[in-house]
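The values are calculated or read from the model by the stated rules, or taken from the named source; none is laboratory data. The structure presented is a predicted model; accordingly, all values stated were derived computationally and were not measured. Here Cβ is always computed from backbone atoms with ideal geometry, including for glycine, and neighbour counts include all displayed protein chains. Remember, those area values only see protein heavy atoms, side chains included, never the ligands or the DNA or RNA. Shrake-Rupley method; radii C 1.70, N 1.55, O 1.52, S 1.80 Å.
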Amino acid sequence: MLRMIEVPAHAVADELIYSYRPSLLGAPWSFRLAAGGLYWEAGRKSGRIAYRDIRRVRLSFKPASMQSQRYLTEIWADGAPTLKIVSSSWKSMVEQERLDRAYSTFIAALHRHIVEAGGAVTFEQGSNALLYWPGVAIFAAVSLGLALLVARALQTQAFGAAAFIGAFLALFLWQAGSYFRRNRPGTYRADALPSALLPKG
């Protein structure tokens, strides 16, 4: 069994450890990069994945209601459950803590280990294409509808309503637009991680 840790990420005898709490009441998840593979623990469940057995890695941008700058790494490997590593951790009932630097350091080191193992891995970025493109269509339709409402309000000289809808449209374009821009489906090289899908700093 792995020993649970309280700090986000640190080096221990050439090993790197990262942990986060996915929910306030749930058990924390802990990951350790070691010479023998990627070790993980979540409550009573734990395991080890050899780096050469990893088949897919996906980086994405996944904001949440209480954390607008939240990033996700998903890992698929032979004979193992899908592992999710998130860049934020629940700290209290009303607060999520950002673990930007620890997350970026751990994910970069993970990629180095995977490459050194020489396995056949697909590195994916963004959302699943089957969900992404319908989402883009809905985003475009909603944006166009709001723009038409602004134009109609201006035609009827309802300037207050036009300003309100315009402000909402600007906020919608900024937030949803950022989500779709970052999460465009594609692939990347392990030695060139997509900067839009990693925390800055």
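Once the Cα atoms are used to define both axes, helix 129-155 deviates from the longest principal axis of the chain by about 30 degrees.
Estimated from helical segments only, the mean residue ellipticity of the chain at 222 nm is -12000 deg cm²/dmol, where each DSSP H run of four or more residues counts as -39500 (n - 2.57).
Ranked by the mean number of other Cβ atoms within 10 Å per residue, highest first, peptides 77-84, 56-63, 36-43 order as 56-63, 36-43, 77-84. Which shape class applies to the stretch 33-141: rounded if a/c is under 1.5, otherwise prolate when a/b exceeds b/c and oblate if not, where a ≥ b ≥ c are the square roots of the Cα gyration tensor eigenvalues? Since a/c reaches 1.5 but b/c is at least a/b, the shape of the stretch 33-141 is classed as oblate.
Relative to the longest principal axis of the Cα atoms of the chain, the long axis of helix 159-182 lies at roughly 30 degrees. Surface composition of the chain: carbon and sulfur make up 59 percent of the accessible area, probe 1.4 Å. Mind checking the angle between helix 100-117 and the chain's longest principal axis? C-alpha axes, 0 to 90 degrees, to the nearest 10. Taking the Cα atoms of the chain, the angle to 100-117 is about 50 degrees. Which of the three applies to the stretch 105-201, rounded, prolate or oblate, going by the alpha-carbon gyration tensor with a ≥ b ≥ c and a/c under 1.5 meaning rounded? Prolate.
Send over a whole-number figure in Å² for the accessible area per residue of the chain, probe 1.4 Å. It would help to have the intermediate numbers written out before the result.
Details: 11320 Å² over 201 residues.
Solvent-accessible surface per residue comes out at 56 Å².
Compute the Cα gyration tensor for the chain, then decide on rounded, prolate or oblate, letting a ≥ b ≥ c be the square roots of its eigenvalues: rounded whenever a/c is under 1.5, prolate when a/b is larger than b/c in the other cases, and oblate in all that remain. It comes out prolate by the Cα gyration axes.
Spin-label pair MET93-TYR132: with each label point 7 Å from Cα along the Cα-Cβ axis, the two points sit 4.0 nm from one another.
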